[in-house]
């Protein structure tokens, strides 16, 4: 599902127009993004947690040349699925 499909699904499930659904989805994404940028976590009970993980600097290899390269430390967004979401997914398999 892409963003437009999510907006269409939200619109039909909640009987709102597509423009209102777009505002709702965009604002949810903005809130999560802003919270992660400021160093916080977003915990949604029964669904999961969005957080930022720090990665350490490391040495890698260029696959074409085999040359060693230095990979800088960075921050990456992470999603950890909650227990309830995991159980729902498991039961559909």
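Numbers below:
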quantity	calculated
Spans of strands (runs of 3 or more DSSP E) in segment 31-93 with at least 2 residues within 15 Å of the chain's Cα centre (by Cα)	42-44, 48-55, 74-81
Scan of segment 39-93 for residues that are surrounded by fewer than 10 Cβ atoms within 10 Å (Cβ to Cβ) and at positive phi, ordered by number	39, 66
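FYI, it's all coordinate maths here, none of it is from the lab. Model, not experiment: these values are computed from the prediction. So basically every Cβ, Gly included, is an ideal-geometry build from the backbone, and we count neighbours across all protein chains shown.
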